[in-house]
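To keep things clear, I will list the structure first and then write my remarks on it.
Values in this text are rule-based calculations from the coordinates and carry no lab data. Owing to the predicted nature of the structure, the values given are computational and were not obtained by experimental measurement. Counting neighbours? That spans all protein chains shown, and the Cβs are built from the backbone with ideal geometry, glycine included.
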Amino acid sequence: MSDTLRFVGFLAAYLPGFAGAALVRKIRAIIHRWTYKGPTDTPKIVLVVGGSFAGYQLMARLTETLPTGWQAVLVEKNSHFNWSFAFPRFAVVPGHERTAFMAYAKILAKGAEQGIARFVQGQAVSVTADKKVLLASGEAVAYDILVVATGSQQRPPAKLLGSTEKDTACSELQLLQDRIRRARTVAVVGGGAVGLELVTDIKTYASVVAERHRAKLVGDGKEGDEDDSVADKDVTLVHSRTQLLNRFGKRLHEHVAGVLEKQGITVELGQRAKITYKEGEDSEGGAGTLTFPDGRTKEYDCILLCTGQTPNSALLQDVYSSTITETGEVRVTPGMQVVSTDGKTNTTLEDIYAFGDVAATGGPKMARAGFFQADIIADNIMDSVKNKPASHKYVPSIVEPSLKLTLGKDATVVYMDLNAEGTKSILMPKGGDAEDMYVKQSWGFMGVKYEDDE
């Protein structure tokens, strides 16, 4: 059976259920909009810490379901939602980076007008025993129900370092653009989705970026200035495993490896290389040397790290350290409630939830899994509001680990494992995505229309 037929069969099996559930939620949201009377003077608070894809999805669900007298409060360090799916592309190709940031005040505007949603910008640092979240500013935000959606720490360009405002975030991406544009030799370390998207964009967009930079110099009246762009780059991908995208089936690895070979990208598999940066250079695209296990060394003008994720669970460390696993994840029940342990006995903290990349859910560390988990938490919070025990359980779905991967200017692949062993799958290659990754259109997912802020 062809992959297209498998995909059609998959849609026929799962789409009606998803569409039906979405329709029910839409009807309930319409009814809720007419019946919600406000949070009252002393509302009960569902506090969501972390506003990336998972946290935003939960906020959207809560603003459609919480009854009168309750309010959903989002605490998030960034002023703007980061559309991080586009960061690898926007770290290479200039001109689109501002579209990747949308103000939370705008995203949550409808809920704020109704009184059911509130946004607090700040870095959450700890949770107290008397049901407060402390911010770095010294402010304390009280809660009745707490949801930890703090995600994980990743290196740029998967996520940005410390920029909490739009302008400085864009500057981070522009710094990477400049370093990559000037580099003749580039090494990307890490063969996951971000590393692959980054290395293929660097290789296939090099001449485009160089040409536009020359045009910009002319447009700025600087045509006499030396152009330091490199249009033909020597690009290497280094991966410690013998399989690219090792969380997926081998079929995807073989397809992607073939694309990299056609693009002229050198691939070093099974190589845990040691990185030595030149004096004054840093790990965000600085120049340095890679030393391979077999003793080979090679210098690169630009080395970019796309390895690993570290769960952001420090928020619970002070009072609830017994909820954190050895790997840094937060223990949760199937209903996404946080679990503490003394090594012998587990205790469920019924008023604290965790989900997404920070939680040990058993699901994939992908945004789509966070969306499914958000639905479970929203339903369980409604159980709690009605003084009922949490009755909804998260079971990882076959839909969650599906992947759409851009592989440079002219190639994209959609992939889905159909069994746990990765021996049955759907793989559909196609041409390249739009240069801007359709980000402006994607803001419709957030319930708002993109507006140029320039």
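Here are the numbers for this structure:
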{"quantity": "Alpha carbon centroid spacing (whole Å) that separates the range 273-349 from the range 28-55", "calculated": "33 Å"}
{"quantity": "Kyte-Doolittle mean at least 0.0 and Cα axial length at least 30 Å: DSSP H helices in the chain", "calculated": "3-35"}
{"quantity": "q = 0.21, 0.26 Å⁻¹, the range 334-387: log10 I(q)/I(0) [Debye, one scatterer per Cα]", "calculated": "-0.79, -1.03"}
{"quantity": "Backbone HN-Hα couplings from phi across the range 386-396 [Karplus 6.51/-1.76/1.60, Hz, Gly and Pro as x]", "calculated": "8, 6, 10, x, 4, 10, 9, 10, 8, 10, x"}
{"quantity": "Projected-area mean, the range 203-319, by convex hull of Cα positions, square nanometres", "calculated": "12.2 nm²"}
{"quantity": "Cα-centred dipole magnitude for the chain, charges only on beta-carbon of K, R (+1) and D, E (-1), debye, nearest 20", "calculated": "1440 debye"}
{"quantity": "Cα convex hull of the range 204-270, projected area averaged across orientations, nm²", "calculated": "5.8 nm²"}
{"quantity": "The range 158-205 - convex hull of alpha carbons, volume per residue in Å³", "calculated": "85 Å³"}
{"quantity": "Binned Cα-Cα distance frequencies in the range 299-454 - 5 Å width, integer %", "calculated": "2, 7, 12, 13, 15, 15, 13, 10, 7, 3, 1, 0, 0"}
{"quantity": "Note, ³J(HN,Hα) from phi for the range 98-111, Karplus 6.51, -1.76, 1.60, rounded to Hz, x at Gly and Pro", "calculated": "5, 6, 8, 10, 10, 4, 4, 4, 6, 4, 9, 4, 5, x"}
{"quantity": "Student exercise, the range 76-178 dipole from Lys, Arg, Asp, Glu Cβ charges, in Debye to nearest 20", "calculated": "200 debye"}
{"quantity": "Fewest-first sequence of VAL189, VAL358, VAL395 by Cβ atoms within 10 Å of each Cβ", "calculated": "VAL395, VAL189, VAL358"}
{"quantity": "Built amide H within the under 5 Å cut-off of GLU268, gap 5+", "calculated": "LEU237, VAL238, HIS239"}
{"quantity": "Where the Cα pairs of the range 372-454 fall when distances are cut into 10 Å bins, in %", "calculated": "14, 24, 30, 23, 9, 1"}
{"quantity": "Ordering of 286-293, 194-201 by packing [mean C-beta count within 10 Å, highest first]", "calculated": "194-201, 286-293"}
{"quantity": "Calculated from backbone phi, Karplus (6.51, -1.76, 1.60) coupling profile of the range 299-309 in Hz, x at Gly/Pro", "calculated": "8, 9, 6, 8, 10, 10, 9, 10, 10, x, 9"}
{"quantity": "Loop-resident sites, the range 311-403, for GluC sites (Glu not before Pro), counting at most 13 other Cβ within 10 Å (DSSP)", "calculated": "GLU326"}
